[in-house]
Amino acid sequence: MRLPEPTFFILTALTERPLHGYGVMLAVRELSDGRLELRPGTLYTALDRLTEDGWLSVDREEAVEGRLRRYYRLTDPGAARLAAEVAQVRANAVIAAGRLRRRGELRPDPAVGL
Amino acid sequence: MTEVDRLHRSYARLLRTYPRWYRRERGLELMTTLLDDAEPGRHRPRWSTVVDLVRGGITTRLRPPRGFIARLITVMVSLTGGLVGSGAAVSLSPYPGPPAATEAIAAAQTATGLPVQDVPGPTVKCFETACQSTPAGDDVVAYDEAPMRVDTTVVRLHPLHQEVAALVAQADARVTAAGWQVDPASRFGATFAAVNDRLGLNLYVSVGTGDTVRTDLILVTVSKRVSAATITAVIAAFFGGLLAGWLVGVWAMQRFVRHGRSRRRDIRDAAVPFLIGAALLISFTFAGVMTDWADGISPEDIQAPLVFLLFWWPITVVLAISGVYGLVALWLAARPEVAGDGRPTERSPASRGAAG
């Protein structure tokens, strides 16, 4: 089953380093060019689910001046699931790009390998 | 009060849509993210954030933990809530009692065109599993058992030897001409069911096999119709019970997964007898609905869960005991969380003072 887009970007946001909740929100906004803006309620529902599934885990907590920042990191199963998703998306894109090129609707783009 | 304080207070109110355990574990973290996300000078939450938090809170309250068993148990608790709710609504609704002999005889004569030969017999009080057999010679017998909602008057008529199909077809035509509505799904072989404004009747032709004694029989069972108010109340109670059961099931499972091993074992031990009782109740009702589906659903079928709950005193006792076990499991789940070694779980210093 395909990953929902918010899940895809949350996992992608955590590939390089652990982030806290607000950090994930900012990273998702940036990675999606502002197209996807997660609200905190939606974000934490997704974080709960992904943690239950073992795709994320809590890396550490920072408590400063009455505020709590909990950092999440991508686990190996989470990274594997994201890699599988990328492979699937890429394979689908290659098929579609090939057909569109034959119709003359798409020019080859070496930057993305399609 | 500063703008940040006002905003904090508004968010704290909104976070009350989340369960208490969630606020205890995640409230401060969520509050931090909300305040980080608020632009400077904001003193009231944005509408989009309000909607998002309310939706998140409701989702958290309604979503059982991951796993097939957790979801199955939640569904079972929910269905049990719905069935007990509808059973309670039936038992609290007015009991109409069986129709008067004159009404039943009039309905039977409308259907068959035959006279009732013998005088009405006494009202039969049903006992436990079954109604007692009717006294010989009485062609009109009322069955009356309020707890079981048995409220029918049966009229027995003795036709001359006729083909069953023709007999049933003629009865069908007679009641239709008299303004009764025949349920098409109930037309099956030697039987059919029909209703008018006040009464419901079921006609069944039994063919005798004796060589010398005429044993053909038409049984016309007449009942007062379940009122629209009762049906509405039972349906509302079913869905209310379904929702309440779902909330309780989700709450219990969310508590269960947060307890230590020894507490979880205790909860499991108490929950198993309850789940066996719940499975009995659900499977009986499901089987009843499937059977009725084949025969044609009637308003009286809404009484099925209550009938099973009171079907036979050993079953009633078993179900009551399983219900007590269910309450014990809930009580154990509600107790303060303990770690695997039995000590009360300490909240992390960072989590203290979480919103709500």
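The values are calculated or read from the model by the stated rules, or taken from the named source; none is laboratory data. Just so it is clear, the model here is predicted, and its values are computed rather than measured. Backbone-built Cβ (ideal geometry, glycine too); neighbour counts: all protein chains shown.
Could you tell me how many of the residues in the stretch A:39-88 are more than 9 Å from every other protein chain (Cβ to nearest Cβ), surrounded by 20 or more Cβ atoms within 10 Å (Cβ to Cβ), not aromatic (Phe, Trp, Tyr) and not in a helix (DSSP H, G or I)?
Residues meeting the conditions: 2.
Out of B:ARG9, B:ARG16, B:ARG23, report the one residue that is free of Cβ contacts under 8 Å to residues at least 12 places away in the same chain and in a helix (DSSP H, G or I).
One residue alone meets the criteria, B:ARG9.
Quickly run through the stretch A:28-38 and pick out the residues that are farther than 21 Å from A:ARG81 by Cα and assigned to a helix (DSSP H, G or I).
Of everything in the stretch A:28-38, those that are farther than 21 Å from A:ARG81 by Cα and assigned to a helix (DSSP H, G or I) turn out to be A:ARG29, A:GLU30.
Filter the stretch B:61-87 down to the residues that are facing chain A (nearest Cβ under 10 Å) and closer than 18 Å to A:LEU43 by Cβ and list them by number.
If the condition is that a residue be facing chain A (nearest Cβ under 10 Å) and closer than 18 Å to A:LEU43 by Cβ, then B:ARG63 is the only one that fits.
Starting from residues that are acidic (Asp, Glu) and at the interface with chain A (Cβ under 10 Å from one of its Cβ atoms), keep the ones in the stretch B:26-60 and report whichever is nearest to the chain's Cα centre (by Cα).
Restricting to residues being acidic (Asp, Glu) and at the interface with chain A (Cβ under 10 Å from one of its Cβ atoms), the top hit is B:ASP52.
Residues of the stretch B:138-153 being without any contact (Cβ under 8 Å) to a residue 40 or more places away in the chain, in contact with a Pro (Cβ under 9 Å, 6 or more places away or on another chain) and acidic (Asp, Glu), which ones?
Matches in the stretch B:138-153: B:ASP138, B:ASP139.
Residue pairs, Cβ under 7 Å, 6 or more apart or interchain, first in the stretch B:154-167 and modelled with pLDDT under 80, second assigned to a loop (DSSP other than H, G, I, E, B) and among the acidic types (Asp, Glu). List them.
Listed by first residue and then by second, the contacts come to B:HIS158/B:ASP216; B:PRO159/B:ASP216; B:HIS161/B:ASP216.
Is it fair to say B:PRO122 is touching a Ser or Thr at 6+ places or on another chain (Cβ under 9 Å), surrounded by fewer than 18 Cβ atoms within 10 Å (Cβ to Cβ) and modelled with pLDDT under 85?
So B:PRO122 fails the test.
Please count how many residues of the stretch A:3-38 are in contact with an Asp or Glu (Cβ under 7 Å, 6 or more places away or on another chain) and more than 9 Å from chain B (Cβ to nearest Cβ).
5
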